[in-house]
Amino acid sequence: MTISTTIDRPAARFRQIRVERLVRRLLQIALVVLALLFLTAFLIVPLVAVFYEALRDGVGAYLESLQEPDAWAAIKLTLLVASIAVPLNLMFGVVASWAIAKFEFVGKSVLTTLIDLPFAVSPVISGLIYVLLFGLHGWFGPWLIEHNIQIIFAVPGIVLATMFVTFPFVARELIPLMAAQGTEEEQAAISLGASGWKTFWLVTLPNIKWGLLYGVILCNARAMGEFGAVSVVSGHIRGQTNTMPLHVEVLYNEYNFVAAFAVGSLLALLALVTLAAKSFIEWNQRRSRTSHETITGEGQ
Amino acid sequence: MSIEVRNISKTFGNYTALKSVSLRIDGGELIALLGPSGSGKTTLLRIIAGLERPDDSDAAVLFDDEDVTWREVGERQVGFVFQHYALFRHMTVFENVAFGLRVRPRSRRPSKAQIREKVRELLRLVQLESLEHRYPTQLSGGQRQRVALARALAVEPRILLLDEPFGALDAKVRQELRRWLRRLHEEIHVTTVFVTHDQEEALEVADRIVVMNEGKIEQIGTPDQVFHQPANEFVMKFLGQVNLFHGRVEGGRGIFGSLVLDSGGQELADARAARLLVRPHELDLLPSPNGRPSVKVKVTRIQAAGPVVRVELADERGQQLQAELTHAQRRELNLTVGDIVHVSPRDARIFVDDYSI
């Protein structure tokens, strides 16, 4: 700093700037620390606790509780439900967002609102709707019994409830993306003689593939983790209609903590994998966007 | 291939884009659809392409006298170049140009080697051979434009349609591409229609110009005709700068303040409201009236940088006028700002409202 003892104006101004900068820096640090504390308390500690509890009696006990027949049945059921619900919602999501983003039609805003409905309704109510429709005393109950078809307290009901709860994910992801891309590329493809089907496969789909994958991953995470809606329709039959989240609850209520947390740890792992995949996709999207934009040379 | 459209009307909701438009374009012509935004020119182009449908059932679009009104765009064999190019962003330049050939049904699809050869040939034509592996985002505006053109030409279109082909480019690139398009047209000679709102572009490039306004055609003619013999006031105003005088017609003469003009060749009925339109280069500047009909004006600004000298003038009521002189004329007049001179129209057109008495 200056050696002079007189307080000249530039020096005072300089000091003031330094103080302001320091305050700003402290504020930044304070906010970051606050955010980290919050994350630790509400996310990291519970996550660590899940794995800690699951491994409390060692790896052997952990693996054993996963191999237990009912636990294994729950894992298989969850995978089955997700493998039906996710592809169907993928198709529905693509079709719905294609229609909404690329065409004008009457009732478009109604459809857009309906897609959001599962987000607005409590999952328990979502499950209850199916009980009221297909349950023993529901609208179609007597007909279903007559024809020996079981939906409620069976796998079809679980699939339906899961689909209802997860159907906004893909569409929500794609609608803004497709709307932003407009229809000019499709028109160009059609004018070049491509059929509608080829236009979709060669032009539309490649343009939305990352957004689609993102939506599918979120959809899958929710499909595997859904509790409320599935709980209502499943009937909690051990080894038959218990999905992983339901099985965790059953085990916990039986004070079988190690097994409960062991199954829970799988769901936690799924969350971690989902987050990693999501980050990877976002990174990839950014990369493909920037790498194309290094314009070299103007060759007019 | 000739194009004919008959009785084309098109509305979008409450908005009328085209009002019963009919037009015939001969094979091999290069036509400009010229008009301000909202004049319906792009809609007409899209209807010719098959990207939009006309409203009425008596409307018709004919290619070489063959009715294609209800045929899909993909079946019309038109090359369409979109205003923002609409290049496939996930495909390279090569793949973009090859697209139209690759999506053909297997029976009509050329072999891989043939496609390669054809694409290379087109890229040579648009001077982009070295960029075939680039993605659209790695190209400049002018390069994208030429890729779009090559892609449209790949399907060997019978008609080439371009929507504001130079709209999104900067002035210099625009100039070059215009001349290039003209040369390309002379080379491949496919019937071409392009939409533009830039009169200079239309005058420079097109064989014939279709001037449009508010969903109707105002005039069809060669650049020379629409510029020198405008059919009406709109065409005259749209195709270049004009000076406007308000006045009336009495006894076959136009009276615009101190300017009293004989009708010249024009048949003039008496009218209470008439307008005199004079282009800046058709306005003579005189030191004294010399017996010619003239208006006394003051020079307010001289802009001498350029091939002509632009002079801004103001009459006694403060109305602004513009004139264009050669540098030699200016020297002769020894013109400076603040001078009082007399302007006299050398060539002028008087327009009278239809509804006036």
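Every condition in (1) buried (at least 21 other Cβ atoms within 10 Å of the Cβ); (2) touching a strand residue (DSSP E or B) at 6+ places or on another chain (Cβ under 7 Å); (3) over 12 Å from B:His84 (Cα atoms) holds for B:Ala148 except the one numbered (3). In this structure, B:Ala202 does satisfy being within 22 Å of B:His228 (Cα to Cα), among the hydrophobic types (A, V, I, L, M, F, W, C) and touching a residue at least 40 places away in the same chain (Cβ under 8 Å).
Filtering segment B:11-38 to residues that are in contact with a helix residue (DSSP H, G or I) (Cβ under 7 Å, 6 or more places away or on another chain) and closer than 11 Å to B:Ile217 by Cβ leaves B:Leu18, B:Val21, B:Leu33, B:Leu34, B:Gly35.
Which one of A:Asp70, A:Asp57 is touching a His at 6+ places or on another chain (Cβ under 8 Å) and surrounded by 10 or more Cβ atoms within 10 Å (Cβ to Cβ)?
After ruling out the rest, the residue left standing is A:Asp70.
Whether any residue in segment A:185-192 is closer than 30 Å to B:Gly100 by Cα and open to solvent by 30 Å² or more (accessible area, probe 1.4 Å) is what I want to check. Yes: segment A:185-192 contains one or more residues that are closer than 30 Å to B:Gly100 by Cα and open to solvent by 30 Å² or more (accessible area, probe 1.4 Å). Would you be able to say whether some residue in segment A:275-293 is at pLDDT 80 or above and over 30 Å from B:Pro136 (Cα atoms)? For segment A:275-293, residues at pLDDT 80 or above and over 30 Å from B:Pro136 (Cα atoms): present. Assess whether A:Pro46 counts as being in contact (Cβ under 8 Å) with a residue 12 or more places away in the chain and exposed (fewer than 12 other Cβ atoms within 10 Å of the Cβ). No, not satisfied.
Conditions tested, residue by residue: (1) more than 17 Å from A:Met163 (Cα to Cα); (2) of a type outside the set (D, E, K, R).
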| residue | (1), (2) |
| --- | --- |
| A:Lys102 | yes, no |
| A:Phe105 | yes, yes |
| A:Ile115 | no, yes |
| A:Pro123 | no, yes |
| A:Leu128 | no, yes |
| A:Gly138 | yes, yes |
| A:His147 | yes, yes |
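Yes or no: segment A:164-181 includes at least one residue that is closer than 22 Å to A:Phe227 by Cβ and in a loop (DSSP other than H, G, I, E, B). Checked segment A:164-181: at least one residue is closer than 22 Å to A:Phe227 by Cβ and in a loop (DSSP other than H, G, I, E, B).
For (1) farther than 25 Å from B:Gly35 by Cβ; (2) more than 13 Å from chain A (Cβ to nearest Cβ), each residue gets a yes or a no:
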| position | (1), (2) |
| --- | --- |
| B:Thr137 | yes, no |
| B:Arg146 | yes, no |
| B:Pro157 | no, no |
| B:Leu162 | no, no |
| B:Glu186 | yes, yes |
| B:Thr191 | no, yes |
| B:His197 | no, yes |
| B:Glu200 | no, yes |
| B:Glu204 | no, yes |
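Under the condition of being over 18 Å from the mean Cα position of the chain (by Cα) and either within 14 Å of chain B (Cβ to nearest Cβ) or farther than 30 Å from A:Gly235 by Cβ (or both), the residues counted in segment A:156-192 number 15. Looking for something at the interface with chain A (Cβ under 9 Å from one of its Cβ atoms) and under 30 Å from B:Leu62 (Cα atoms) - is there at least one such residue anywhere in segment B:113-131? No - not one qualifying residue is present in segment B:113-131.
Kindly indicate whether A:Ile145 is open to solvent by 10 Å² or more (accessible area, probe 1.4 Å), in a helix (DSSP H, G or I), of a type in the set (A, V, I, L, M, F, W, C) and in contact (Cβ under 8 Å) with a residue 40 or more places away in the chain. For A:Ile145, the condition - open to solvent by 10 Å² or more (accessible area, probe 1.4 Å), in a helix (DSSP H, G or I), of a type in the set (A, V, I, L, M, F, W, C) and in contact (Cβ under 8 Å) with a residue 40 or more places away in the chain - is not met.
Looking at B:Arg102, B:Arg106, just one residue is open to solvent by 20 Å² or more (accessible area, probe 1.4 Å) and more than 9 Å from chain A (Cβ to nearest Cβ), and that residue is B:Arg106.
In this structure, B:Ser37 qualifies as away from chain A (no Cβ under 14 Å), open to solvent by 60 Å² or more (accessible area, probe 1.4 Å), within 18 Å of the chain's Cα centre (by Cα) and not aliphatic (A, V, I, L, M). Got at least one residue in segment B:148-166 being farther than 23 Å from B:His189 by Cβ and small (Gly, Ala, Ser)? Within segment B:148-166, not a single residue is farther than 23 Å from B:His189 by Cβ and small (Gly, Ala, Ser). Here A:Tyr252 qualifies as part of a helix (DSSP H, G or I), open to solvent by 60 Å² or more (accessible area, probe 1.4 Å), away from chain B (no Cβ under 14 Å) and of a type in the set (Ser, Thr, Tyr). Flag: B:Gly79 does not match the condition of being touching a Gly at 6+ places or on another chain (Cβ under 8 Å) and facing chain A (nearest Cβ under 9 Å). Restricted to segment B:342-357, and to residues there that are in contact (Cβ under 8 Å) with a residue 60 or more places away in the chain and not in a strand (DSSP E or B), the residue that is surrounded by the fewest Cβ atoms within 10 Å (Cβ to Cβ) is B:Ile357.
Could you list, in sequence order, the residues of segment A:193-234 that are in a helix (DSSP H, G or I), at the interface with another protein chain (Cβ under 9 Å from one of its Cβ atoms) and either surrounded by fewer than 22 Cβ atoms within 10 Å (Cβ to Cβ) or modelled with pLDDT under 90 (or both)?
Listed by number, the residues that qualify are A:Lys198, A:Thr199, A:Leu202, A:Pro206, A:Asn207, A:Lys209.
The set of residues from segment B:239-250 being out of contact with any helix residue (DSSP H, G or I) (no Cβ under 9 Å at 6 or more places or on another chain) and open to solvent by 70 Å² or more (accessible area, probe 1.4 Å) comprises B:His246, B:Arg248, B:Glu250.
The values are calculated or read from the model by the stated rules, or taken from the named source; none is laboratory data. These numbers come from a predicted model, not from an experiment. FYI the Cβ positions are ideal-geometry reconstructions off the backbone, even for glycines, and counts take in every protein chain you see. Just the protein is used for accessible areas: all its heavy atoms, side chains included, with ligands, DNA and RNA removed. Shrake-Rupley method; radii C 1.70, N 1.55, O 1.52, S 1.80 Å.
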